Amino acid sequence: MGNTVRSIIAFIPSNKCQSYLLDDLDEMPIDKMVDLSGNQLRRFPLKVCAFTELVKLYLSDNNLSNLPPELQLLQNLQILALDFNNFKSLPLAVCSLKQLSILYLGNNRLHELPSELSLLQNLKTLWIEFNYLTNLPEVICELSLLKTLHAGSNAIRQLPEKLKHLKELRSIWLSGNLLTDFPQVLLEMPFLEIIDVDRNSIRSFPQLVHLSGLKLVIYDHNPCRNAPKVAKGVRRVGRWSEESPEPTKRSEIEEETEKVVEIKDSESAVNETEQVNQ
């Protein structure tokens, strides 16, 4: 079905038209996964809530702006994708899904996250990139098992001090925000393995040598005049290197950027694979 036809049908609220968009989804899938991405949906199909054993639900790239309370019936859900929709606030029904391990909220219109998000104590990966966040919500600091946080392309100017309490956090992606200084709280998180502050407004970097767990730091596209000093073996992606006072050649930067994209993609795949195997 073409996207144009789907868009037209999506405007018609009748049950028959909405069911047409679901491609006759009538039975619980054997793989316990429902993928309704790119269906131009404007309302969540309630019939999905009957699949109480569902583990993965993908609703990416639709026109959803709210979800019904019945969503809380999906208590076995571990992966939920709500990215590329029109959510201005996170539906509270999502916060009742206590088995969630991976939550995609990127490319919406979120200005904040509800305090109820703290109920998701099994959450390990959170994507909130491309929203309207001006500060990293403090409620994230209560997600004790969080390992990966993607918060790029917002308008974040600072990070909460409580972030250092996330002892399981291994990678934080903050590219494309409004940071003018390197976040001091990150200096108190030696367990971090990946720090991405690409495309911000940071003019100077502190030493990161003491971050014993660090494996990769991405600091390119900042108006900085120095590269962060790191321990031996730590990979850096940025304009300057400790060994040379001259800017890195553009071709080398492009190669490193491609590697970073591969890391992000593989990281997401590994997270989902690990979750499925648990």
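The number of residues in the range 62-83 that are touching a residue at least 24 places away in the same chain (Cβ under 8 Å), in contact with a Phe, Trp or Tyr (Cβ under 9 Å, 6 or more places away or on another chain) and either surrounded by 20 or more Cβ atoms within 10 Å (Cβ to Cβ) or more than 25 Å from residue 29 (Cβ to Cβ) (or both) comes to 9. Note on the range 177-214: residues that are closer than 18 Å to residue 166 by Cα and surrounded by 15 or more Cβ atoms within 10 Å (Cβ to Cβ) amount to 12.
Could you say which residue among 162, 232 is farther than 21 Å from residue 112 by Cα, surrounded by fewer than 19 Cβ atoms within 10 Å (Cβ to Cβ) and not hydrophobic (A, V, I, L, M, F, W, C)?
The conditions single out 232.
Which of the residues belonging to the range 183-217 are within 19 Å of residue 133 (Cβ to Cβ) and touching a Cys at 6+ places or on another chain (Cβ under 9 Å)? Of everything in the range 183-217, just one residue is within 19 Å of residue 133 (Cβ to Cβ) and touching a Cys at 6+ places or on another chain (Cβ under 9 Å), namely 202.
Throughout, read-outs are computed from the coordinates displayed, never taken from laboratory work. A quick note: this is a predicted structure, and the numbers were derived from the prediction, not measured. Here the Cβ is made from the backbone with ideal geometry for all residues, glycine too, and neighbour counts use every protein chain on show.
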